[in-house]
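**Student:** Handing you a structure now.
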């Protein structure tokens, strides 16, 4: 059965994370994706760590595509890129693809949905500025939910700005295809930026800052809470919350953990209802007391006790424990593509299943094949 | 105002809390008529899971996550309202639900039930952990998913322990965005096949997909990421440096061309004592620079500390080296780059005055997106029922 985007043709002229993940997702969903790289290759091929020459990031973000090399300094290659774009339904471009000859206006292809990924957005004083994941995270305030005020900035280890932008780009592309195919509109140019995506993803904070009844809530105090490392048990850290637990449940949990001594602590007694979990108002104030109690038990034991008393508790996985978790296996979250284990596409379509079409291409793997197709089409139209 | 790209699409939105409402909010921004269902008489203090802070007693969660929609009261446990729901469903293209597995079926709103009435429906159900497996029936929300998926495990001060991202919404919003993608793909597939389908999106897999690069790195190497502060794992230099005036600048050279530009700009700068980086074999290519990241960082720290941030912004900007610096909300809300792109907007809500929020992240040149304020629960009930009534009146009488 074909995927939901079966039949659409996508040309990607992008590199790094945002553009490649966007085009890969369209490929996983059934589109025919051709990625154009310069002779030196996508920058991410040279990132660390490597896996047989190319980087792991390259392999994880470029499956379900064919890859070709075109040298835009060469007129016939530039012409081939322009032809490929003019025949496509979707273009995914970033700075690499922003040659004047390959702009939406220059192509004059009314059917094309031309998605430009940028750092800062199409308008404004920074429109032409160079960008990076780090620059966008800093400007988009993402680093203020990590680390401590006054200390060196801490970034999200995940390339959140690029991935958020990719997720929005996929939406924008599909919406523009819908307008074109169902509503009879033309194609169009659309732009999504890392900066704008990071800001959109923090919308809950912007509303919280608008006119709150009181200055409290984990959205607001996320700015100045100390770093959260979870609750350490004898072996591993966990997350836990008393939110759904009645007062009797909290008392029972204290008994089960054999930490009745904590009832002598006046601060604990006063704040305990709101003194646990990542989001609790006084979680930081009481954390050392809970951790003193948890130290006698394994994470699995504490989770079991919290759940038995009506609360929530979850293991705090690193990637090794995540990959070994039975739930991850049950939902097939990790797949192997040509010997490389990676994260599966996130949607389940009952009627039009998505699927990984092929492993990430070696540099120029499909150049001859795609150019031959192009030539064949040119002959057919003569 | 020009029609949005989803003009003509109608969404039956029976979502709750954050992840589902976030998904339907995107569809509304793109032009769909999203009809958000609430229980008549719902206690406003329970909306948006009661997440603090509130504005006039309603969680900012509800207010943030239900923009771009109309509000309809329906009691899906009552026979009469369920009949109305089904009349409405006949006019809808998509349905979104984020209840635990089996809950929608018990309300008579399961996929098979809805499909019988409208086979063209694109029916999307969102779960926390998936529809199978030992955790299938466990509650799942952003906080739990962030801890469980290891989203915390790659962040943290250099040499310190990994730490959680304290703004607990990113897994929910990411899953909502992935669900909105799925609806859109389902609508495109329907255009081709004429048939709707059932779609599932789970927070576990969506949250893992967000971390595709880092998770794959672990799976390939068996190693865990050690927190690097502001530095990136894949390339070097790609981190923040403290300048002479105490301010920070983030500098990234994630390609060889950017590295050459940075090395050139540093050499041309008014710093003293910096060796010629371009000729140092330890820094010749990215993987070598990553291997020697500490030595490289030490040299660069010394260079950046010699001159103020604005000097570096100018010099690196002229050289085409990606760089940026920390901004905060009070600056962002008035920043020209934000305002000219509409990335933060003030919208008028129905019950909570004017609030600021993120605007559409897409700049669509011909079918622009929109962003408008949150309805009161059930605010448009009369209007929507009138529309249904006039539709029923316009239909030919049943032939029995």
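The values are calculated or read from the model by the stated rules, or taken from the named source; none is laboratory data. As the structure is a computational prediction, the values presented were derived from the model and not from experiment. Every residue, glycine among them, receives a Cβ derived from its backbone with ideal geometry; neighbour counts consider all protein chains shown.
**Student:** For the stretch B:6-27, state whether one or more residues are without any contact (Cβ under 8 Å) to a residue 40 or more places away in the chain and part of a strand (DSSP E or B).
**Tutor:** no
**Student:** Can you work out which of the residues in the stretch B:198-208 that are at the interface with chain A (Cβ under 7 Å from one of its Cβ atoms) and surrounded by 24 or more Cβ atoms within 10 Å (Cβ to Cβ) is nearest to the chain's Cα centre (by Cα)?
**Tutor:** Among those that are at the interface with chain A (Cβ under 7 Å from one of its Cβ atoms) and surrounded by 24 or more Cβ atoms within 10 Å (Cβ to Cβ), it is B:206.
**Student:** Suppose we keep only residues that are part of a loop (DSSP other than H, G, I, E, B) and in contact with a helix residue (DSSP H, G or I) (Cβ under 6 Å, 6 or more places away or on another chain) within the stretch B:137-152. Which one would you say is farthest from the other protein chains (Cβ to nearest Cβ)?
**Tutor:** B:140
**Student:** Further question on the same structure: What single numbered condition from (1) touching a residue at least 24 places away in the same chain (Cβ under 8 Å); (2) under 30 Å from residue A:148 (Cα atoms); (3) in the same structural domain as residue B:55 (by TED's automatic domain parsing) fails to hold for residue B:312?
**Tutor:** Checking residue B:312 against (1) touching a residue at least 24 places away in the same chain (Cβ under 8 Å); (2) under 30 Å from residue A:148 (Cα atoms); (3) in the same structural domain as residue B:55 (by TED's automatic domain parsing), the one that fails is (3).
**Student:** Another one. Between a first residue in the stretch A:250-264 that is at positive phi and a second residue that is surrounded by 16 or more Cβ atoms within 10 Å (Cβ to Cβ), which pairs have beta carbons less than 9 Å apart while being 6 or more apart in sequence or on different chains?
**Tutor:** Pairs found: A:258/A:293; A:258/A:297.
**Student:** What is the residue count in the stretch B:206-225 for residues that are outside any helix (DSSP H, G or I) and in contact (Cβ under 8 Å) with a residue 12 or more places away in the chain?
**Tutor:** 3
**Student:** Let me ask you something else. Could you say whether any residue in the stretch A:195-214 is surrounded by fewer than 20 Cβ atoms within 10 Å (Cβ to Cβ), at pLDDT below 95 and more than 7 Å from chain B (Cβ to nearest Cβ)?
**Tutor:** Within the stretch A:195-214 (the criterion being surrounded by fewer than 20 Cβ atoms within 10 Å (Cβ to Cβ), at pLDDT below 95 and more than 7 Å from chain B (Cβ to nearest Cβ)), the answer is no, since none of the residues qualifies.
**Student:** Let me ask you something else. Go through the residues of the stretch A:357-374 one by one and say whether even a single one is farther than 23 Å from residue A:244 by Cα, within 31 Å of the chain's Cα centre (by Cα) and assigned to a helix (DSSP H, G or I).
**Tutor:** Yes, the stretch A:357-374 has at least one match.
**Student:** Also: Could you identify the single residue in A:178, A:164, A:223 that is more than 7 Å from chain B (Cβ to nearest Cβ), out of contact with any strand residue (DSSP E or B) (no Cβ under 6 Å at 6 or more places or on another chain) and without any contact (Cβ under 8 Å) to a residue 60 or more places away in the chain?
**Tutor:** Exactly one residue qualifies, and that residue is A:164.
**Student:** In addition: Quick check on residue A:189: is it within 7 Å of chain B (Cβ to nearest Cβ), within 27 Å of residue A:130 (Cβ to Cβ), more than 21 Å from the chain's Cα centre (by Cα) and in contact (Cβ under 8 Å) with a residue 60 or more places away in the chain?
**Tutor:** Answer is yes for this residue.
**Student:** Just to confirm my filter: which helices (runs of 4 or more DSSP H) fall fully inside the stretch B:45-112 and include at least 1 residues that are outside the structural domain of residue B:25 (by TED's automatic domain parsing) and under 30 Å from residue B:353 (Cα atoms)?
**Tutor:** In the stretch B:45-112, there are no helices (runs of 4 or more DSSP H) which contain 1 or more residues that are outside the structural domain of residue B:25 (by TED's automatic domain parsing) and under 30 Å from residue B:353 (Cα atoms).
**Student:** Say whether the condition of being in contact (Cβ under 8 Å) with a residue 40 or more places away in the chain and within 7 Å of chain A (Cβ to nearest Cβ) is met by at least one residue in the stretch B:331-350.
**Tutor:** no
**Student:** Give the stretch B:12-50 a look and list any residue that's under 20 Å from residue B:139 (Cβ atoms) and within 18 Å of the chain's Cα centre (by Cα), or say none.
**Tutor:** Those that are under 20 Å from residue B:139 (Cβ atoms) and within 18 Å of the chain's Cα centre (by Cα): B:15, B:16, B:17, B:18, B:19, B:20, B:21, B:22, B:23, B:48.
**Student:** Condition check: more than 20 Å from residue A:229 (Cα to Cα) and in the same structural domain as residue B:183 (by TED's automatic domain parsing). Does residue B:139 satisfy that?
**Tutor:** When the stated conditions are applied, residue B:139 passes them.
**Student:** For the stretch A:107-123: of the residues being over 19 Å from residue A:179 (Cβ atoms) and in contact with a helix residue (DSSP H, G or I) (Cβ under 6 Å, 6 or more places away or on another chain), which is farthest from the other protein chains (Cβ to nearest Cβ)?
**Tutor:** Going through the qualifying residues, I end up with A:117.
**Student:** So, one more: Consider residue B:149 carefully, then state whether it is more than 29 Å from residue A:231 (Cα to Cα), buried (at least 24 other Cβ atoms within 10 Å of the Cβ) and in the same structural domain as residue B:199 (by TED's automatic domain parsing).
**Tutor:** For residue B:149, the condition - more than 29 Å from residue A:231 (Cα to Cα), buried (at least 24 other Cβ atoms within 10 Å of the Cβ) and in the same structural domain as residue B:199 (by TED's automatic domain parsing) - is not met.
**Student:** Return yes when residue B:182 is out of contact with any helix residue (DSSP H, G or I) (no Cβ under 7 Å at 6 or more places or on another chain), more than 19 Å from residue A:327 (Cα to Cα) and buried (at least 24 other Cβ atoms within 10 Å of the Cβ) and no when it is not.
**Tutor:** Answer is yes for this residue.
**Student:** Please go through the stretch B:22-53 and pick out each residue that is in contact with a strand residue (DSSP E or B) (Cβ under 9 Å, 6 or more places away or on another chain), crowded, with 20+ Cβ neighbours inside 10 Å, within 11 Å of chain A (Cβ to nearest Cβ) and farther than 19 Å from residue A:176 by Cβ.
**Tutor:** Correct list: B:48, B:51, B:52, B:53.
**Student:** Does residue B:337 satisfy the criteria of being part of a helix (DSSP H, G or I), buried (at least 17 other Cβ atoms within 10 Å of the Cβ) and assigned by TED's automatic domain parsing to the domain that holds residue B:56?
**Tutor:** Spelling it out, residue B:337 is indeed part of a helix (DSSP H, G or I), buried (at least 17 other Cβ atoms within 10 Å of the Cβ) and assigned by TED's automatic domain parsing to the domain that holds residue B:56.
**Student:** Right, here's the next one. Among the numbered criteria (1) in contact with a strand residue (DSSP E or B) (Cβ under 8 Å, 6 or more places away or on another chain); (2) more than 21 Å from residue B:51 (Cα to Cα); (3) buried (at least 21 other Cβ atoms within 10 Å of the Cβ), which one does residue A:233 miss?
**Tutor:** Residue A:233 satisfies all of (1) in contact with a strand residue (DSSP E or B) (Cβ under 8 Å, 6 or more places away or on another chain); (2) more than 21 Å from residue B:51 (Cα to Cα); (3) buried (at least 21 other Cβ atoms within 10 Å of the Cβ) except (1).
**Student:** Looking at B:191, B:167, which one is at pLDDT below 95, at the interface with another protein chain (Cβ under 7 Å from one of its Cβ atoms) and out of contact with any strand residue (DSSP E or B) (no Cβ under 7 Å at 6 or more places or on another chain)?
**Tutor:** B:167
**Student:** Filter the strands (runs of 3 or more DSSP E) completely within the stretch A:1-102 down to those with at least 2 residues that are closer than 22 Å to residue A:192 by Cα.
**Tutor:** So the answer is A:9-13, A:32-37, A:90-93.
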